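Enquirer: Below: one structure in structure tokens.
All of the numbers you see were taken from the coordinates with simple rules; none came from a lab. Since the structure is predicted, the reported quantities are computational estimates derived from the model, not experimental observations. Quick reminder, even Gly has a Cβ in these numbers, built from the backbone with ideal geometry, and neighbours come from all protein chains shown.
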Amino acid sequence: MAKEYCVIIGDIVQSKEIKNRRVFQRKFSGILRKINKEFASNVVSKFTITIGDEFQGVLKDLSQSYNIIDKIQEMFYPVKLRFGVGWGKITTSIKKEAVGMDGPAFHRAREAIEEAEKTKLGIIFKLNKLKENLSINTLVHCLENIKNSWTARQREVTALYLKYNNQEKVARLLKVKQPSVAAVLTSAQWNWYSEVREGVNTLLKLV
């Protein structure tokens, strides 16, 4: 049985409104380099800018797909993005960078990002079965709704807490008291968010 892969296609929303394109393009390329390095054990074909402000990458499985998307969103913030994730076979040879390849995984990722654009949803997964799609997308959209309600401060604190899982350390980094960190996490619905996120990652590992 041929191996299946995860393809992620990302696109910048309203990219024409971005000022100073030269500076932004350098940042864009730098973010993808960091993602390729940080998730090297999962990346099969490196994330690469393809057409305009669109980019794509190939992963060996789905296990880190949401974590990668979340990290890209964090690094691009406040610029908004949309993502399509496809799971399936790749019928051409695998290349070092995610260009010049084809197959069901790419077709599903393309369908997914087109659906994300039409529905105004930030992320769409297209897997092998309708039931899997429904389960993953429902949970992911729940996560995105929570994140979209966050203030810049809540995003800063939750990102650090996700990285270190230690309120005291986050407090030291931000030069505030630990209760202040706890209050921000509570207002950001962190417990609910982290439970749903764990559910998403668990489901993605089972596909």
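Enquirer: First measure r as the distance between the Cβ atoms of residue 17 and residue 99, then evaluate 1/(1 + (r/R0)^6) with R0 = 30 Å and state the FRET efficiency to the nearest 0.05.
Expert: 0.65
Enquirer: Rounded if a/c is under 1.5, else prolate if a/b beats b/c, else oblate: with a ≥ b ≥ c from the C-alpha gyration tensor eigenvalues square-rooted, which is the stretch 67-196?
Expert: Since a/c reaches 1.5 and a/b is larger than b/c, the shape of the stretch 67-196 is classed as prolate.
Enquirer: Counting pairs of alpha carbon atoms under 8 Å apart in space and at least six apart in sequence, what relative contact order in percent does the stretch 4-129 give?
Expert: The normalised contact order for the stretch 4-129 reaches 31 percent.
Enquirer: Here's something else I'd like to know. In degrees between 0 and 90, to the nearest 10, how far off the longest principal axis of the chain does helix 65-76 point, with axes built from Cα atoms?
Expert: Taking Cα atoms only, the helix is inclined about 60 degrees.
Enquirer: Have a look at 189, 151, 85 and report the one farthest towards the positive end of the charge dipole of the chain, computed about the Cα centre with Cβ charges (Lys/Arg +1, Asp/Glu -1).
Expert: 151
Enquirer: Let me ask something else. Kirkwood Rh, the stretch 4-129, all Cα pairs: how many Å?
Expert: 14.4 Å
Enquirer: Still on this structure: For the stretch 121-135 and the stretch 1-80, what is the centre-to-centre distance using only Cα atoms, to the nearest Å?
Expert: 19 Å
Enquirer: Stretched out fully, how many nm does the piece from residue 92 to residue 75 gain, at 0.36 nm a residue minus the Cα gap?
Expert: That works out to 3.0 nm of additional length.
Enquirer: Counting only residues 5 or more places away or on other chains, whose amide H sits under 5 Å from the amide H of residue 91 once H atoms are built in the peptide plane?
Expert: 102, 103
Enquirer: Please compute the modelled spin-label separation between residue 173 and residue 148, points set 7 Å along Cα→Cβ, answer in nm with one decimal.
Expert: The answer from the label model is 2.7 nm.
Enquirer: State the answer as a single residue: which of 56, 25, 101 lies farthest towards the positive end of the charge dipole of the stretch 4-129, with beta carbon charges of +1 for Lys and Arg and -1 for Asp and Glu, about the Cα centre.
Expert: After comparing all options, I get 25.
Enquirer: Out of 20, 137, 67, any idea which swings most in a Gaussian network model of the chain, alpha carbons joined below 10 Å?
Expert: Among 20, 137, 67, the largest GNM mean-square fluctuation belongs to 20.
Enquirer: Tilt of helix 130-148 relative to the longest C-alpha principal axis of the chain, in degrees (0 to 90, nearest 10)?
Expert: Tilt relative to the chain: about 40 degrees.
Enquirer: Taking the 0 to 90 degree range and rounding to the nearest ten, how far is the long axis of helix 178-187 tilted relative to the main principal axis of the chain, both from C-alpha atoms?
Expert: Long axis of 178-187 versus the principal axis of the chain: about 50 degrees.
Enquirer: Something else now. Given the -39500 (n - 2.57) contribution per DSSP H run of 4+ residues, what per-residue ellipticity at 222 nm results for the chain, rounded to the nearest 500 deg cm²/dmol?
Expert: -17500 deg cm²/dmol
Enquirer: Please label the shape of the stretch 19-89 as rounded, prolate or oblate, based on the square roots a ≥ b ≥ c of the eigenvalues of the alpha-carbon gyration tensor (a/c under 1.5 means rounded; beyond that, a/b larger than b/c means prolate, else oblate).
Expert: Taking the square roots of the gyration eigenvalues as a ≥ b ≥ c, the stretch 19-89 is prolate.
Enquirer: Relative to the Cα centre, what is the charge dipole magnitude of the chain, using +1 at the beta carbon of each Lys and Arg, -1 at the beta carbon of each Asp and Glu, and rounding to the nearest 20 debye?
Expert: With Lys and Arg at +1 and Asp and Glu at -1, about 720 debye.
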